[in-house]
Amino acid sequence: MSVPAGYDAGHRLRINVRWPDSAADFDLYVLDADGREVAASASSSDPETVLLPAVSASYTVRVVPYVPLGDSFTGTASLVANSADPPPSTAVPPTYTNSSAPDSIKDAHNAGEPSIGVDRATGAAMFQAYTSTLKVTYDGAGTTWQDSSANAGNGCPQGSTTSLDPILFTDPATHRTFESQLAGKTALTCYTDDDGETWTPTAGSGINSGVDHQTIGGGPFTTGQPGAVTSYPNAVYYCSQDIADASCAVSRDGGLTYGPAVPTYSLLDCGGLHGHVKVAPDGTVYVPNKGCGGNQAVAVSEDNGLTWTVRKNPSSTPGDSDPSVGIGAGGTVYMGYQNSDGTARIAVSHDKGKTWLYDQNVGASLGIKNIVFPAVTAGDDNRAAFAFLGTTTGGNYQDTANFKGAWHLYVATTYDGGQSWVTVDTAPTDPVQKGSICTGGTTCGQDRNLLDFIDVTLDAQGRVLAAYADGCTGTCATGGTQNYDALASIARQSSGNTLYGAYDAVVAGKHRKP
């Protein structure tokens, strides 16, 4: 197919592939005139969608039957107008200070897909990388990294076993931290109430749980529904993806045991893989998904995980990275996602995902063409932060041979409820990766060193902390070649207004009056 000249300004080329049987699956690849892959959509979404610049060019569209089930497919191509983004925020951009784990830490260089929480009582950041739980503390003298992993010596022998998929969650209200290692259709989970000094083993997950993409979250119970059965006040949710659906189980005793796993959606609704579970102040539970019938969406429960409803963002198209949600103090939901054209977009909902507002590209002002690993957190109801790895190089970022972009950790912040965002590069002179980043799962090569996600949270004063694996270290960071590292790292906000207005102008840990 060919794109005619004259449509480059304000338009994009949209290619869709659909099929009649929802149990089938086809993948979509677009090649340029030289046979190089320039775009792909290889999820389980129906339709598969790619967005391309509407410049004069010739493309070959290749459709691969992944699960054909004897079905045919229908393809369409159309020129669509670009949506107009509002101007960037005029707020003073916050700045960040980066630190990394010392080599003495066991998994310092094995920190792909980290997760992070903050004990707001002590100020300690809890960082999970593979089977290592790291305690990170900040004071006037700098940053201290300490291995506080769960093991047989401190109460949790299963914490040091091999993991299929690690995850960590710290409840900001109760200060309890959970670390979990996926073990097939169950999980090996322990919790700590003293920042890793001692750990308590738990049942781990619900029955029958899924085999992939585990996530743990927690927060208040919804009023009017069955709640806690012990003195621990909050619900704890364990969610994971199975072959034909995804499910969540709730714990009513502080994470010691879980009820049965309840399906949140099936493959008739969404692709199997999902993002991290989040709980709103009113007890509403959200699990985001990158591909639900041609859009990205959230699965929502308003009854403590008993029933679930999928609510789509109609402005979105499916991406390759899981989306993320952050929830403000008043229940406002911010969903950050990688659109099918690779751009960083975020939308806002005030009605639990039924409708979405202010959907916009927060990377456009810095020329960011591709992103991976969206991660969102929120504080006051009108304040949120959206972290992601991004590059100003366009094209197929998974093309190992030809993609030459440099990736950095960016954070976009809103102070007006998502109407506008200010986006910053947290370390402009230090790339996180050079070249390709594969998000295709276990079929990838060495460019899957960062695995599948990063994480973001905030401390008691509303400072943003973004956990990531640094893939470009040593001589790579100073101009050398990519070394495919995965160094445990945190970018911590060091200046500017935080996500809690009561602590505006917190700089270097000190509260300055406006």
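A simple spin-label model places the labels of residue 446 and residue 63 3.8 nm from each other, with each point 7 Å out along Cα-to-Cβ.
Here are some pairs, 290/434; 290/354; 312/369; 352/404; 290/404; 290/352; which of them have Cα atoms lying more than 28 Å apart in this structure?
On the way: 290/434 25 Å; 290/354 17 Å; 312/369 24 Å; 352/404 40 Å; 290/404 26 Å; 290/352 17 Å.
Table pairs above 28 Å Cα-Cα are 352/404.
Residues whose amide H lies under 5 Å from that of residue 452, counting only those 5 or more places away or on a different chain, are 113; hydrogens are built 1.01 Å from N in the peptide plane. Between the listed residues 131, 162, 217, the Cα displaced farthest toward the positive end of the dipole of the range 106-238, a dipole computed from Cβ unit charges relative to the Cα centre, is found at 217.
Annotation for residue 357 and residue 146: the two label points, set 7 Å from Cα along the Cα-Cβ direction, are 4.4 nm apart. Taking the average, over residues, of other Cβ atoms within 10 Å as the packing measure, peptides 495-502, 343-350, 72-79, 316-323 rank 316-323, 343-350, 495-502, 72-79 from highest down.
If you put +1 on each Lys and Arg Cβ and -1 on each Asp and Glu Cβ, how big is the dipole of the chain around its Cα centre, in Debye rounded to 20? Please report the intermediate quantities before stating the final value.
Values: 28 positive and 50 negative charges, 159 e Å.
Charge dipole of the chain: 760 debye, to the nearest 20.
Of all lysines in the structure, the ones whose alpha carbon falls short of 17 Å from that of residue 135, not counting any fewer than 8 places away in one chain, are 106.
Distance from the Cα centre of the range 76-133 to that of the range 413-473, in angstrom? If you average the Cα positions of each part, the centres end up 4 Å apart. Could you pull out which residues in the range 26-49 have an amide N less than 20 Å from a spot 7 Å beyond the Cα of residue 18, following the Cα-Cβ vector? Zone members listed by number: 26-29, 41-49.
Stretched out straight at 0.36 nm per residue, the stretch from residue 303 to residue 37 would grow longer than its current Cα-Cα span by 91.3 nm.
The phi-based Karplus calculation (6.51 cos²θ - 1.76 cosθ + 1.60; θ = phi - 60°) puts the 3J(HN,Hα) values of the range 226-233 at x, x, 5, 10, 10, 6, 6, x Hz, whole numbers, x for Gly and Pro.
Can you send over the carbon and sulfur percentage of the accessible area for the chain, probe radius 1.4 Å, protein chains only? Let's see the in-between values first.
Numbers: 10130 of 19110 Å².
Solvent-exposed carbon and sulfur of the chain make up 53 percent of the total.
Ordering 417, 484, 469 by the projection of their Cα atoms onto the charge dipole of the range 412-514, which places +1 on the Cβ of Lys and Arg and -1 on the Cβ of Asp and Glu, puts 417 at the extreme positive end. Other residues lying with their Cβ under 10 Å from the Cβ of residue 356 contribute a combined charge of +1, Lys and Arg counting +1, Asp and Glu -1. Net charge near residue 192: determine it from the other residues with C-beta under 11 Å of the C-beta of residue 192, scoring Lys and Arg +1 and Asp and Glu -1. Residues close to residue 192 contribute a combined charge of -4. Computed with a 1.4 Å probe over protein heavy atoms only, the accessible surface of the chain comes to 37 Å² per residue. Separation of the range 148-175 from the range 293-309 is 28 Å, based on Cα centroids. Seen from residue 318, the other residues with C-beta closer than 10 Å to its C-beta sum to a net charge of -2, counting Lys and Arg as +1 and Asp and Glu as -1.
For residue 72 and residue 139, what is the calculated FRET efficiency with R₀ set at 60 Å and r taken between the beta-carbons, to the nearest 0.05? Result of the calculation: an efficiency of 0.40.
The values are calculated or read from the model by the stated rules, or taken from the named source; none is laboratory data. Fair warning: this is a prediction, and the values are worked out from it, not measured in the lab. No Cβ is skipped: glycine too gets one built from the backbone with ideal geometry, and neighbour counts run over all protein chains shown. What goes into the accessible areas is simple: the full protein's heavy atoms, side chains included, and nothing from ligands, DNA or RNA. Shrake-Rupley method; radii C 1.70, N 1.55, O 1.52, S 1.80 Å.
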